[in-house]
Amino acid sequence: MKILICGKGGCGKSTITTLLAKEYARQGKRVLVADCDESNFGLHQQLGLGLPQDFTDYVGGKQKVMQLSAGGPMNMDPLFTKPMTIDQIPEQYISRKDNILLMAPGKIKNANEGCACAFSIVMCMFLPMLQMGENDVLLMDMEAGIEHFGRGTANNGDKVLMVIDPSLESVKLAEKVSEFCQGISHPVYYVLNKVTERNEEALVSKIAAPEKIICRLPLKEELTDAGLSGDPLEGSYDEIRKLIDAIA
Ligand SMILES: Nc1ncnc2c1ncn2[C@@H]1O[C@H](COP(=O)(O)OP(=O)(O)OP(=O)(O)O)[C@@H](O)[C@H]1O
Ligand SMILES: [Mg+2]
């Protein structure tokens, strides 16, 4: 199963990804987390893992991919020619603890280093080749917004989780993502995050397709605190267990 986690900036994509990864792992799944956000450096901390080497280096690095794609990514030779299992991803591109594995296509590290297209090109070519075992789950923590739909990375998920925080901007983005998902025939589900007793119903009333809501995770003090301290997320939540049941 390949699950894409998307939403507007700061809505809680990485938090939901981490909580899902840990809960799936507790349930005995092997979880590959793909950190597809080239800008932020928080996910690996939330997971309690080190940041692995950029996976883009596996195919020669960012500059090489940009050169190869100079005539347009659609015209370039495939970077991956054979199917690949999780076990075949070389060690240096994976950080792991128990049965959670983290990979990252690439991070922006220097000023003026150029656009991040190479990282999405690598993932767009890698993901269709990634062979998942029956016990494997792939969680893709996307960059904020909808560029991954434009670039086609989102085509590679079986299911899309749209994280919605209590803001009109989040709700509007969810409608846009639902349209995109219809266009690529992918089911989309909504995860309400950071809701409070006071704002939950107001948020739900603004959502055009409330039947898509499969999780409501409240604003939790310990998650806010971990967001500030940088400590790994260790809690286990009923809402996330129910989310996993709903996804299944
Ligand atoms: N349910 C929650 N309760 C309290 N705080 C939360 C909750 N979910 C997320 N947060 C906090 O909100 C902040 C943003 O969360 P997170 O980094 O997961 O969002 P994101 O969507 O991945 O952000 P970005 O778009 O920057 O990647 C963090 O400080 C996190 O700790
Ligand atoms: Mg994030």
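The values are calculated or read from the model by the stated rules, or taken from the named source; none is laboratory data. Just so it is clear, the structure is predicted and the values come from calculations on it, not from any experiment. Ideal geometry is used to build each Cβ from the backbone, glycine not excepted, and the neighbour counts take in all protein chains shown. All accessible areas refer to the heavy atoms of the entire protein, side chains included, with ligands and DNA or RNA removed. Shrake-Rupley method; radii C 1.70, N 1.55, O 1.52, S 1.80 Å.
What are the residues in the range 1-18 that are of a type outside the set (G, A, S), farther than 14 Å from L233 by Cα and within 12 Å of ligand 2 (Cβ to nearest atom), if any? Give the steps one after another, and end with the answer.
Just the residues of the range 1-18 that are of a type outside the set (G, A, S), to begin with: 1-6, 8, 11, 13, 15-18.
After this cut, where a residue has to be farther than 14 Å from L233 by Cα as well, the list is 1-6, 8, 11.
If the condition is that a residue be of a type outside the set (G, A, S), farther than 14 Å from L233 by Cα and within 12 Å of ligand 2 (Cβ to nearest atom), then I5, C6, K8, C11 are the ones that fit.
Of all residues in the range 179-215, those satisfying the criterion of being within 12 Å of ligand 1 (Cβ to nearest atom) and crowded, with 18+ Cβ neighbours inside 10 Å are V191, L192, N193, K194, V195, C215. Of all the residues that make up the range 6-18, how many are farther than 15 Å from C215 by Cβ and either crowded, with 24+ Cβ neighbours inside 10 Å or in contact with a Phe, Trp or Tyr (Cβ under 6 Å, 6 or more places away or on another chain) (or both)? Within the range 6-18, residues that are farther than 15 Å from C215 by Cβ and either crowded, with 24+ Cβ neighbours inside 10 Å or in contact with a Phe, Trp or Tyr (Cβ under 6 Å, 6 or more places away or on another chain) (or both) number 1. Determine whether the range 59-77 contains at least one residue that is more than 21 Å from D141 (Cα to Cα), more than 10 Å from ligand 1 (Cβ to nearest atom) and either among the basic types (K, R) or within 21 Å of the chain's Cα centre (by Cα) (or both). Checked against the condition, which is being more than 21 Å from D141 (Cα to Cα), more than 10 Å from ligand 1 (Cβ to nearest atom) and either among the basic types (K, R) or within 21 Å of the chain's Cα centre (by Cα) (or both), the range 59-77 yields at least one hit.
Is the range 191-203 home to any residue that is touching a Ser or Thr at 6+ places or on another chain (Cβ under 6 Å) and of a type in the set (D, E)?
Residues of the range 191-203 touching a Ser or Thr at 6+ places or on another chain (Cβ under 6 Å): none.
Scanning the range 191-203 turns up no residue that is touching a Ser or Thr at 6+ places or on another chain (Cβ under 6 Å) and of a type in the set (D, E).
Residues of the range 145-162 that are within 15 Å of ligand 2 (Cβ to nearest atom) and surrounded by fewer than 17 Cβ atoms within 10 Å (Cβ to Cβ): G145, E147. Checked against (1) away from ligand 1 (no atom under 14 Å from the Cβ); (2) open to solvent by 20 Å² or more (accessible area, probe 1.4 Å); (3) among the polar types (S, T, N, Q), T56 passes all but a single condition, namely (2).
Of the residues making up the range 124-165, those that are within 18 Å of T85 (Cβ to Cβ), more than 16 Å from ligand 1 (Cβ to nearest atom) and either free of Cβ contacts under 8 Å to residues at least 12 places away in the same chain or of a type outside the set (D, E) (or both) number 14. Counting residues in the range 19-36 that are open to solvent by 10 Å² or more (accessible area, probe 1.4 Å), within 13 Å of ligand 2 (Cβ to nearest atom), farther than 16 Å from R241 by Cα and charged (D, E, K, R) gives zero.
The residue pairs whose first member lies in the range 5-28 and is within 9 Å of ligand 1 (Cβ to nearest atom), whose second member is modelled with pLDDT of 95 or more and in a loop (DSSP other than H, G, I, E, B), and whose beta carbons are closer than 6 Å, counting only pairs six or more residues apart or on different chains, are C11/D165; T18/L233.
Restricted to the range 126-138, and to residues there that are assigned to a helix (DSSP H, G or I) and open to solvent by 40 Å² or more (accessible area, probe 1.4 Å), the residue that is nearest to A154 (Cα to Cα) is P128.
State whether the residues of the range 35-51 include one that is more than 8 Å from ligand 1 (Cβ to nearest atom), modelled with pLDDT of 95 or more, more than 22 Å from A226 (Cβ to Cβ) and not in a helix (DSSP H, G or I). It would help to see each step written out before you state the result.
Initial filter on the range 35-51 (more than 8 Å from ligand 1 (Cβ to nearest atom)): 35-36, 38, 41, 44-45, 47-51.
If we keep only those that are modelled with pLDDT of 95 or more as well, we get 35-36, 44-45, 47-51.
From what is left, the residues that are more than 22 Å from A226 (Cβ to Cβ) are none.
No, the range 35-51 contains no residue that is more than 8 Å from ligand 1 (Cβ to nearest atom), modelled with pLDDT of 95 or more, more than 22 Å from A226 (Cβ to Cβ) and not in a helix (DSSP H, G or I).
Every residue, every condition in (1) more than 21 Å from H148 (Cβ to Cβ); (2) of a type in the set (K, R), yes or no:
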{"residue": "V163", "(1), (2)": "no, no"}
{"residue": "V171", "(1), (2)": "no, no"}
{"residue": "V177", "(1), (2)": "no, no"}
{"residue": "I184", "(1), (2)": "no, no"}
{"residue": "R198", "(1), (2)": "yes, yes"}
{"residue": "T224", "(1), (2)": "yes, no"}
